[in-house]
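Peer 1: The structure's right below; bear with me while I get my questions together.
The values are calculated or read from the model by the stated rules, or taken from the named source; none is laboratory data. Nothing here was measured: the structure is a model prediction, and the numbers come from that model. Here the Cβ positions follow ideal geometry from the backbone for every residue, glycine too, while neighbour counts run over all protein chains shown.
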Amino acid sequence: MTKTGKVYLVGAGPGHPDLLTIRAAELLKTAEVIVYDRLIQDEVLALAKPSAEKIFMGKPLGRHCSRQDEIHDLLIRKAREGKTVVRLKGGDPFLFGRGGEEAEYLAEHGISFEVVPGVSSCLSAPLSAGIAVTHRDSASSVAIVTGHQASEHDDRIDWQALSKVDTLVVLMGIHNIEHIARKLTVAGLSPDTPAAIIQMAFWASESVLVSTLGAIAEDARHASIAPPATLVIGQAVRLREKLKHHQQHIGEHVSLDSLIHSVPIPDGPSGDALSLDTLSLEEESCVSPALSEKEVLQ
Ligand SMILES: C[S@@+](CC[C@H](N)C(=O)[O-])C[C@H]1O[C@@H](n2cnc3c(N)ncnc32)[C@H](O)[C@@H]1O
């Protein structure tokens with residue numbers, strides 16, 4: 001009888017191979033089967049041994065229904081064949097990535113598994129844009145929220161409570177950005193609160209939009225921002241102005257600021273001018289431009 005294999009639920013981080021954990025890289029090198037999602041860079045998959053079976057299980061473009069049942073069945077089937085399976089997920093597997101459900105399913109079916117944390121976009125996307133989500137001077141608390149459930153008919157999000165948190169990081173929020181901004185404003189957050197969107201963080205096509213809570217939805221529409229993108233709201237966003245001139249991107253030798261095009265927008269409440277910046281790293285070769293900006297993760 002074949003000995004049952006093991007499943008590793010592995011966080012791939014933002015996609016860049018240098019941002020994998022050592023454990024993730026080691027597992028990728030030895031896995032017999034790799035089941036991966038959208039937003040995993042080719043260089044990461046290239047770590048696999050030549051004989052490894054690589055199975056893409058991301059959602060096809062334009063398809064919004066879940067493939068979760070198929071993924072569950074695949075993981076169980078491959079483990080029962082005695083295989084060492086890496087289930088590779090973007091960012092951290094247990095943050096809005098359905099990794100919890102996959103672990104639950106494996107446990108229910110008696111399959112051994114290990115979970116390997118990854119660098120989540122909730123921290124890496126703001127960081128890439130020069131935004132420290134906490135700062136001794138301006139932000140003592142941070143909340144990570146899904147914008148996916150932020151619709152007119154969904155009351156699961158406590159907007160009042162969120163409006164009291166210093167920094168809000170919203171994942172999967174682009175489609176509902178207008179609603180999110182309105183709910184937070186009604187809950188008491190000033191429309192002048194700085195806000196930023198980081199799209200495709202740590203990819204060749206990364207772009208950053210800086211605005212205010214009151215204007216971010218319209219600015220995002222004008223800038224054609226599409227998922228995957230992370231929305232950050234709070235005074236912490238202002239730090240970017242200071243850092244962007246000097247902070248360099250992974251593998252780069254130029255400051256981010258040299259690649260920025262700025263369009264000034266009205267002053268913030270403290271008189272500091274915010275700007276609508278878009279950052280294009282398309283010239284850079286450090287990461288593969290494998291995906292178009294229009295591809296939808298949500
Ligand atoms: C389904 S959630 C998965 C999050 C993932 N588990 C993590 O820890 O980063 C997908 C959301 O993460 C954010 N995201 C993922 N990759 C991103 C990137 N490269 N740049 C900006 N945001 C990203 C976006 O908000 C996207 O809609």
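Peer 1: Can you tell me which residues in the stretch 149-208 are over 17 Å from PRO228 (Cβ atoms) and of a type in the set (Val, Ile, Thr)?
Peer 2: Selection gives ILE157, VAL165, THR167, THR185, VAL186, THR193.
Peer 1: Suppose we filter ALA46, ALA25 for residues that are exposed (fewer than 13 other Cβ atoms within 10 Å of the Cβ), more than 16 Å from the ligand (Cβ to nearest atom) and not assigned by TED's automatic domain parsing to the domain that holds GLN199; which single one remains?
Peer 2: Sole residue among the options that is exposed (fewer than 13 other Cβ atoms within 10 Å of the Cβ), more than 16 Å from the ligand (Cβ to nearest atom) and not assigned by TED's automatic domain parsing to the domain that holds GLN199: ALA46.
Peer 1: Next question, about the same structure. Report, by residue number, each residue of the stretch 179-210 that is more than 16 Å from the ligand (Cβ to nearest atom), among the polar types (S, T, N, Q) and buried (at least 24 other Cβ atoms within 10 Å of the Cβ).
Peer 2: Passing the criteria: none in range.
Peer 1: On to the next question. For the stretch 83-106, which positions are over 24 Å from GLU53 (Cβ atoms) and more than 12 Å from the ligand (Cβ to nearest atom)?
Peer 2: GLU104
Peer 1: While we're here: Scan the stretch 26-37 and tell me whether some residue there is of a type outside the set (Ser, Thr, Tyr) and at pLDDT below 95.
Peer 2: There is at least one residue in the stretch 26-37 that is of a type outside the set (Ser, Thr, Tyr) and at pLDDT below 95.
Peer 1: Given (1) at pLDDT below 90; (2) polar (S, T, N, Q); (3) within 22 Å of the chain's Cα centre (by Cα); (4) more than 30 Å from TRP159 (Cβ to Cβ), where does SER255 come up short, assuming only one miss?
Peer 2: Going through (1) at pLDDT below 90; (2) polar (S, T, N, Q); (3) within 22 Å of the chain's Cα centre (by Cα); (4) more than 30 Å from TRP159 (Cβ to Cβ) one by one, SER255 breaks only (3).
Peer 1: Which residue, of GLU70, GLU101, GLU114, is within 24 Å of the chain's Cα centre (by Cα) and either part of a loop (DSSP other than H, G, I, E, B) or within 17 Å of ALA12 (Cβ to Cβ) (or both)?
Peer 2: So the residue among GLU70, GLU101, GLU114 that is within 24 Å of the chain's Cα centre (by Cα) and either part of a loop (DSSP other than H, G, I, E, B) or within 17 Å of ALA12 (Cβ to Cβ) (or both) is GLU114.
Peer 1: Residue check, ASP37 against (1) more than 30 Å from SER128 (Cα to Cα); (2) acidic (Asp, Glu); (3) within 17 Å of the chain's Cα centre (by Cα), all met but one. Which one?
Peer 2: Checking ASP37 against (1) more than 30 Å from SER128 (Cα to Cα); (2) acidic (Asp, Glu); (3) within 17 Å of the chain's Cα centre (by Cα), the one that fails is (1).
Every residue, every condition in (1) over 30 Å from VAL85 (Cα atoms); (2) in contact with a helix residue (DSSP H, G or I) (Cβ under 6 Å, 6 or more places away or on another chain), yes or no:
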site: CYS122; (1), (2): no, no
site: PRO126; (1), (2): yes, no
site: SER138; (1), (2): yes, yes
site: THR146; (1), (2): no, no
site: GLN149; (1), (2): yes, no
site: LEU162; (1), (2): yes, no
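Peer 1: Of everything in the stretch 166-178 that's touching a residue at least 60 places away in the same chain (Cβ under 8 Å) and touching a strand residue (DSSP E or B) at 6+ places or on another chain (Cβ under 8 Å), which residue is farthest from the ligand (Cβ to nearest atom)?
Peer 2: ASP166
Peer 1: Quick one: would you say ASP37 is closer than 28 Å to GLY147 by Cα, outside the structural domain of MET200 (by TED's automatic domain parsing) and either among the acidic types (Asp, Glu) or out of contact with any strand residue (DSSP E or B) (no Cβ under 9 Å at 6 or more places or on another chain) (or both)?
Peer 2: yes
Peer 1: Among the residues of the stretch 111-121, is any within 16 Å of the ligand (Cβ to nearest atom), surrounded by fewer than 14 Cβ atoms within 10 Å (Cβ to Cβ) and either over 29 Å from GLU206 (Cβ atoms) or in the same structural domain as ALA196 (by TED's automatic domain parsing) (or both)?
Peer 2: no
Peer 1: Being surrounded by fewer than 18 Cβ atoms within 10 Å (Cβ to Cβ) and in contact with a Phe, Trp or Tyr (Cβ under 6 Å, 6 or more places away or on another chain) is the filter here; which residues of the stretch 127-176 pass it?
Peer 2: Answer for the stretch 127-176, where residues must be surrounded by fewer than 18 Cβ atoms within 10 Å (Cβ to Cβ) and in contact with a Phe, Trp or Tyr (Cβ under 6 Å, 6 or more places away or on another chain): just THR146.
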